[in-house]
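Notes follow once the structure below has been shown.
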Amino acid sequence: MTLRINSLAAKALVAAFALCAATLASAQATQARLAVSLDEPSPRIEPTVYGHFVEHLGRGVYDGLWVGPESSIPNTRGWRNDVVQALRRVGIPVMRWPGGCFADDYDWRDGIGDPAKRPARRNIWWGGLETNRVGTHEFMDLVEQLDSEAYLSGNMGSMPPRAMAQWIEYITAGENSALTQERRRNGRDKPWKLKYFGVGNESFGCGGSMRPEYQSDLHNQYATFLKGVTRVASGDGEGDDHRVEVLMSRSARHMDAFTLHYYSLPDNWTRHGDATGFDAGAWARTLKSALGMDGRIEAIKRIMDKHDPDKRVALYVDEWGTWYDTPPGASALFQQNTLRDAVLAAVSFNIFHRHTDRVKMANIAQMVNVLQSMVLTEGDKMVLTPTYHAFDLYKPFRGATPLAIKLDAPVFRTGDVELPAVHASAARAPDGKLLLALVNLDPSHPARVATNLTGSARGRVLTAQSMDAHNTFQQPQAVAPAPYAAASSGLLDLPPKSVVVVEIVPRP
Ligand code: AHR
């Protein structure tokens, strides 16, 4: 029998399997047990848990997404076609814009009208000049090109409530108000659909350095004037239970969602750690930091449950991801994206699946060329990151119903960091398919997971030879998903440092 290899991806797959087989043969596999409860469903996994965040920062918007209608890079009304097509393939359920910190220094009026007359402003947070070439009309066009939902962050830090309310009216009003007429004069007749609206961003810091009590008063004041949108309160980003307590006790009835910002880094906020060329210690510390999100969500949920026992207010993790040191000479917050980021994304998805009673949205920071990106660009070149592939692997989980699991997995130790070797989640897809996601966090040892699920397990695996394997413009498929099939019913073998997502098909 001849095996025909007709694509780079297929070659990568064969290489990955040769690697797995060799590793499985040479190293002792970690043994884990997983029991899935088929009759203990939780609220569904909202597709918006696979959401995105885009800020006017570095090359995130300009260059990465927007090249302008006159660019030689193929584009549709300024948005680059290669990136939009890649994002459409993975599916973008929601996009948060324009910040981040940028949002609380942003006047939406700067970004409407004749582009040639828009004022350039200093980007006080991330450096450089903001030309305002991308404003409301352009962003909403991108949302429509991506079939996504818009989530705007309003300025509570430095603009009055009337500015916030009028932005919403400008976007959504159908009646013949002065703002509707202005929108029409600027080229858009029909109102846009605007679902989510953030009342400030990180009010504890770049959004105004507010005491929780003061923020809560301001939130109530601003939210009073916001009509027809899901009102999202700026929440926690510092592990500050007191802020959660104050906001939930005094402002819950003026909000529909509360937020958590959670970044993972190997070291500390002075020296974050490198995106590539790291050792097993940094691998372990980064994943440990990501696993800590589970406890933070638990803690926030406890406070939310006290003040909102009916769970009317959702929790949005509206910024999450890795944050490494920016290499010298790179654009603001640019970082390479490796297999470690994909493993971390998978662990984060599993955590979101555990908390669907509250967590209804999560947005990775950030979509292109900034922090834990989906896509990297340089001139007319584009490459998909390992994180993109993790999102793609987990796509079947969107809209699925999580199932309770019991996982017995040994811990492994790196220096003084202990991590569970295996991390998992399971769900029932809307079409009835049983889905299983398994992550082997151990970079050196394979794992064998014995489950109570019988049948064939088929899906995809994401792994690579080195911890910091990453895709470049020269080698865009260094980290790419490969087909996966379990060798025998109920038993799944995971290569070291891998993500496996399968569908279990019961034997007839
Ligand atoms: O994502 C980068 C920054 O991180 C955002 O602007 C801010 O909200 C957070 O501190």
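Here is how the numbers come out for the structure above:
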read-out: Residue-averaged [θ]222 nm for the chain, counting only DSSP H segments that reach four residues, each worth -39500 (n - 2.57); value: -8500 deg cm²/dmol
read-out: Filtered GluC sites (Glu not before Pro), segment 147-178: DSSP coil and at most 15 other beta carbons within 10 Å; value: Glu175
read-out: Angle in degrees between helix 81-90 and the longest Cα principal axis of the chain, rounded to the nearest 10; value: 60
read-out: Cα gyration tensor, segment 47-399 - rounded (a/c under 1.5), prolate or oblate; value: oblate
read-out: Efficiency of FRET between Ala116 and Ser72 - r from beta-carbon atoms, R0 25 angstrom, step 0.05; value: 0.75
read-out: Surface share of carbon and sulfur [accessible, 1.4 angstrom probe, percent] for the chain; value: 51
read-out: Set of aspartates and glutamates with alpha-carbon distance to Lys497 below 16 Å, sequence-local pairs under 8 removed; value: Asp279, Asp341, Glu418, Asp442, Asp468
read-out: Probe 1.4 Å, accessible area per residue of the chain, Å²; value: 39
read-out: Within segment 47-399, percent of DSSP bridges classed antiparallel, to nearest 5; value: 20
read-out: Dmax and Rg, reported as Rg then Dmax, of segment 64-160 (C-alpha, Å); value: 13.8, 40
read-out: Rounded to 5, the percent of DSSP beta bridges in segment 236-390 classed as antiparallel; value: 25
read-out: Distance in nm between pseudo-label sites at Gln475 and Asn81 (7 Å out along the Cβ direction from Cα); value: 3.1
read-out: Relative contact order (percent, whole number), segment 360-508, Cα cutoff 8 Å, 6+ residue spacing; value: 23
read-out: Long-range lysine pairs (8 or more apart or interchain), segment 47-399, Cα under 25 Å; value: 20
read-out: From the C-alpha gyration tensor of segment 112-155, square roots of 5λ in Å; value: 22, 14, 9
read-out: Folded to 0 to 90 degrees: helix 339-354 orientation relative to the chain principal axis, Cα; value: 80
read-out: Amide H contacts of Phe258 (H built 1.01 Å from N, under 5 Å, at least 5 apart or other chain); value: Ala233, Ala314, Leu315, Tyr316
read-out: Sequence-separation-based contact order of the chain, relative, with Cα cut under 8 Å and 6+ spacing, percent; value: 20
read-out: Crossing angle, helix 212-224 versus the chain [Cα axis fit, 0-90 degrees, rounded to tens]; value: 70
read-out: Inter-centroid distance (Cα atoms) of segment 90-147 relative to segment 248-326, Å; value: 25
read-out: Kirkwood Rh in Å, taken over segment 251-314 so that all alpha-carbon pairs contribute; value: 13.9
read-out: Convex hull of segment 270-344 built on C-alpha atoms - directionally averaged projected area, nm²; value: 6.6
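The values are calculated or read from the model by the stated rules, or taken from the named source; none is laboratory data. Please read all numbers here as calculations on a predicted model, not as lab measurements. With ideal geometry, Cβ positions are generated from the backbone for all residues, glycine too; neighbour counts draw on all protein chains shown. The accessibility values were calculated without ligands, DNA or RNA, using every heavy atom of the protein model including side chains. Shrake-Rupley method; radii C 1.70, N 1.55, O 1.52, S 1.80 Å.
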